[in-house]
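The structure under discussion appears below in the form of structure tokens.
The values are calculated or read from the model by the stated rules, or taken from the named source; none is laboratory data. What you are looking at is a predicted structure, and each value in this text was computed from that prediction instead of being measured. Neighbour counts are summed over all protein chains in view; Cβ atoms, including those assigned to glycine, are modelled from backbone coordinates with ideal geometry.
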Amino acid sequence: MAFTPYTGKGMTFTADLHSLTGLDEVRIDDAGKPLAEQLDKTHAQSTDYESVADEMGPKGDQKAIVVVRCKDSTVGVADTQLHHLTLGAEIVIAFATSATSNDDKYDHATMRLQKRVTTCTHDGLATVEGTFEALTLGTWGKVT
Amino acid sequence: MAYTPYTGKSVGALLKVNSAVMPGWKKIVIEETAAPLPARLNDTEAADSAYTTMADPMGAKGTPKTTITIDGLASKPSFNDAGGPFNLAVDTAYAVLFQKATGVDKFAITPVLKRRPRVQALGKLSEYTLTLELDAAETWSAN
């Protein structure tokens, strides 16, 4: 019986313009800056509590984390392109929930591949999970 | 009867440590981590109406890291093989070659053997785990 690669369920994910094969799961986590802290500056003579913005500002920055997991087979040619990305380099990613117009699409131009975990078993199955990070947010839009 | 070593299910994937095929390997996990993102420092002044940040002039902390974990079963003759992978010196670098299948990606690196625990069973096979590490990134290449 000919080998049929696992191809996911209609989602598409491109990294550095290459479509990933065997797409199984995508997790996107966009986080904004922490809210500005308010410090208490109430004096003894005050009749009510007063506060002032923390001059040091919030801690941290915006952060986007995208985790993509692909299933693969070591016996087939459905070789995932995640293995051909350079760790730490900025790349362009795009994720679409389907090819249908008006469905959601997520784009980010400067994500860094921070982590790549490859798991292979002797029975020919493989899973590759890539974690991308950036200090800016991506944008959601419609598939065009 | 001639001794036949346990070799796992043969599907074309190839794993070599120190130029020798790993006997009875069941699973390999290759974890590659890039250097951390550069930190951003808060640059907000009292007169600023919005919060601002700047890149940390010290740059990113740390270096890339690769960790390889190999799980499997091996027979007593394999463990007792003086030239085999279970008698390699810890804290020494050895070449590791992993090829997913003929004609597809392969990963070649020379990490340092850090751990080699083994569960000794009463039967003919014992479980083993080898852990190798390197403070560097390697690239996957087409076979």
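Observations on the structure shown:
- Those residues of the range B:12-35 which are outside any loop (DSSP other than H, G, I, E, B), touching a helix residue (DSSP H, G or I) at 6+ places or on another chain (Cβ under 7 Å) and at pLDDT 90 or above, in sequence order: B:Val17
- Residue match in the range B:77-87 (condition: in contact with a strand residue (DSSP E or B) (Cβ under 6 Å, 6 or more places away or on another chain) and within 14 Å of chain A (Cβ to nearest Cβ)): no
- Among the residues of the range B:88-109, those identified as under 15 Å from B:Ile70 (Cα atoms), assigned to a strand (DSSP E or B) and more than 8 Å from chain A (Cβ to nearest Cβ) are B:Val96, B:Leu97, B:Gln99, B:Ala108, B:Ile109.
- Strands (runs of 3 or more DSSP E) within the range A:1-115 that include 2 or more residues modelled with pLDDT of 90 or more and acidic (Asp, Glu): A:23-31
- Exactly one residue out of B:Ala35, B:Ala55, B:Ala50 is surrounded by 15 or more Cβ atoms within 10 Å (Cβ to Cβ), among the small types (Gly, Ala, Ser), within 10 Å of chain A (Cβ to nearest Cβ) and within 30 Å of A:Thr110 (Cα to Cα), and it is B:Ala35.
- For the range B:88-143, residues that are out of contact with any strand residue (DSSP E or B) (no Cβ under 7 Å at 6 or more places or on another chain), crowded, with 17+ Cβ neighbours inside 10 Å and β-branched (Val, Ile, Thr) total 1.
- The conditions of being in contact with a strand residue (DSSP E or B) (Cβ under 8 Å, 6 or more places away or on another chain), modelled with pLDDT under 80 and over 26 Å from A:Thr86 (Cα atoms) are not met by B:Pro38.
- Sole exception among (1) farther than 21 Å from B:Pro38 by Cβ; (2) crowded, with 17+ Cβ neighbours inside 10 Å; (3) out of contact with any Gly (no Cβ under 9 Å at 6 or more places or on another chain); (4) modelled with pLDDT under 85 for A:Cys120, by number: (4)
- Selection count where residues are touching a Pro at 6+ places or on another chain (Cβ under 7 Å) and of a type in the set (Asp, Glu), scope the range B:33-84: 1
- Residue match in the range B:62-76 (condition: part of a loop (DSSP other than H, G, I, E, B), within 25 Å of the chain's Cα centre (by Cα) and surrounded by 14 or more Cβ atoms within 10 Å (Cβ to Cβ)): yes
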